[in-house]
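Colleague: Let me give you the structure first, and then I'll get to my questions.
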Amino acid sequence: MSYKRFSTIAPTVVYRSGPWAADWREVTSLTGLALGVPDRAQQLLQDTDALLRTLGEDHPVLQGKTFTFGTFFPGSNGLVVYLPNDPRVAALVNLGLKPSSGVERLAKDNPTETSVSVSLEQIGEVDADILVMWYRDGAREAAEAQPLFQALGVVKRGGYVALEDPVSVWSTSALSVLSIPYGFSRFVPRLAEAAAKAEGR
């Protein structure tokens, strides 16, 4: 419906995969084709992948650590947990991290989904070395007020990374060949600090 409407106004480029499924690689490739510079787009993809690998190598404490990436909306009774199909999870895998075993089980049970809701009573199932949570205004306070959240092992160990300022949130969620170089230079050291706490440092 939207494509038909927009196409009557101007040439319209859409995803190849599906709504909310097009990751930054697909978007960059399509943009390069639309602008007539596919080789430039591919170079940007290679450079960004190389940057992620280098950031991971520069922080060896991250290698092999498990993580869960999620969010919380005030008034809900659970966390939204992102699955490996989600680009933000895939980017952390590029750093050398691994989705937690609980996230991998959820992905196996929901192979076409990018996220699922996990009730607060069950969030222990997605415990990990590192927990990354992004928040809208006021959501962090609501999440951290939950006793079950505070009782989560990763939170008690200090492996919890909260993203709440707009730059941190969008540069790690709305991934692109621009946002990754800009935001991950500050994000990755925070991940490394959380990973070190998982080792008891």
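The values are calculated or read from the model by the stated rules, or taken from the named source; none is laboratory data. Please read all numbers here as calculations on a predicted model, not as lab measurements. So basically every Cβ, Gly included, is an ideal-geometry build from the backbone, and we count neighbours across all protein chains shown.
Colleague: What residue, among those in the stretch 163-182 that are surrounded by 17 or more Cβ atoms within 10 Å (Cβ to Cβ) and not hydroxyl-bearing (Ser, Thr, Tyr), is nearest to Lys197 (Cα to Cα)?
Modeller: Restricting to residues being surrounded by 17 or more Cβ atoms within 10 Å (Cβ to Cβ) and not hydroxyl-bearing (Ser, Thr, Tyr), the top hit is Leu163.
Colleague: A further question on this structure: Can Arg157 be described as of a type in the set (Lys, Arg), crowded, with 16+ Cβ neighbours inside 10 Å and touching a strand residue (DSSP E or B) at 6+ places or on another chain (Cβ under 6 Å)?
Modeller: no
Colleague: Further, regarding this structure: Where in the stretch 1-96 are there helices (runs of 4 or more DSSP H), lying fully within it, with 2 or more residues that are within 21 Å of Leu178 (Cβ to Cβ)?
Modeller: Ranges flagged: 24-35, 38-58, 87-94.
Colleague: Shifting gears a bit: State yes or no: is Glu121 over 13 Å from Phe67 (Cα atoms), outside the structural domain of Leu51 (by TED's automatic domain parsing) and at pLDDT below 95?
Modeller: Criteria not met by Glu121.
Colleague: Can you name the residue in the stretch 97-113 that is of a type in the set (S, T, N, Q) and part of a loop (DSSP other than H, G, I, E, B) and, of all such residues, is modelled with the lowest pLDDT? Give the steps one after another, and end with the answer.
Modeller: Step one: list which residues in the stretch 97-113 are of a type in the set (S, T, N, Q), which gives 100-101, 110, 112.
Those left that are additionally part of a loop (DSSP other than H, G, I, E, B): 100, 110, 112.
Numbers: Ser100: 97, Asn110: 96, Thr112: 90.
Here the residue is Thr112.
Colleague: Consider Val80 carefully, then state whether it is closer than 22 Å to Asp58 by Cβ and of a type outside the set (S, T, N, Q).
Modeller: When the stated conditions are applied, Val80 does not pass them.
Colleague: When you go through Thr28, Thr48, Thr114, Thr66 one by one, which is the residue that is under 27 Å from Asp129 (Cβ atoms), touching a residue at least 60 places away in the same chain (Cβ under 8 Å), of a type in the set (Val, Ile, Thr) and not assigned by TED's automatic domain parsing to the domain that holds Pro181?
Modeller: Of Thr28, Thr48, Thr114, Thr66, the one residue that is under 27 Å from Asp129 (Cβ atoms), touching a residue at least 60 places away in the same chain (Cβ under 8 Å), of a type in the set (Val, Ile, Thr) and not assigned by TED's automatic domain parsing to the domain that holds Pro181 is Thr48.
Colleague: Looking at (1) part of a helix (DSSP H, G or I); (2) at pLDDT 95 or above; (3) surrounded by fewer than 21 Cβ atoms within 10 Å (Cβ to Cβ), can you tell me which one Val116 breaks?
Modeller: (1)
Colleague: Give just the number: which of (1) touching an Asp or Glu at 6+ places or on another chain (Cβ under 7 Å); (2) β-branched (Val, Ile, Thr); (3) without any contact (Cβ under 8 Å) to a residue 24 or more places away in the chain does Val167 not satisfy?
Modeller: (1)
Colleague: Name every residue in the stretch 76-92 that is hydrophobic (A, V, I, L, M, F, W, C), within 21 Å of Ile123 (Cβ to Cβ) and surrounded by fewer than 21 Cβ atoms within 10 Å (Cβ to Cβ), in order of residue number.
Modeller: Val80
Colleague: State which residue is nearest to the chain's Cα centre (by Cα) when the search covers only the stretch 141-173 and only residues that are in a loop (DSSP other than H, G, I, E, B) and over 20 Å from Thr66 (Cα atoms).
Modeller: Only one residue tops the list, namely Glu164.
Colleague: Given the residues Tyr182, Tyr135, which is the only one that is of a type in the set (Phe, Trp, Tyr), farther than 14 Å from Phe72 by Cα and over 12 Å from the mean Cα position of the chain (by Cα)?
Modeller: Only one candidate qualifies: Tyr182.
Colleague: For the list (1) of a type outside the set (A, V, I, L, M, F, W, C); (2) modelled with pLDDT of 95 or more; (3) surrounded by fewer than 16 Cβ atoms within 10 Å (Cβ to Cβ), I need the number of the one condition that Gly138 fails.
Modeller: Going through the list (1) of a type outside the set (A, V, I, L, M, F, W, C); (2) modelled with pLDDT of 95 or more; (3) surrounded by fewer than 16 Cβ atoms within 10 Å (Cβ to Cβ), Gly138 breaks only (2).
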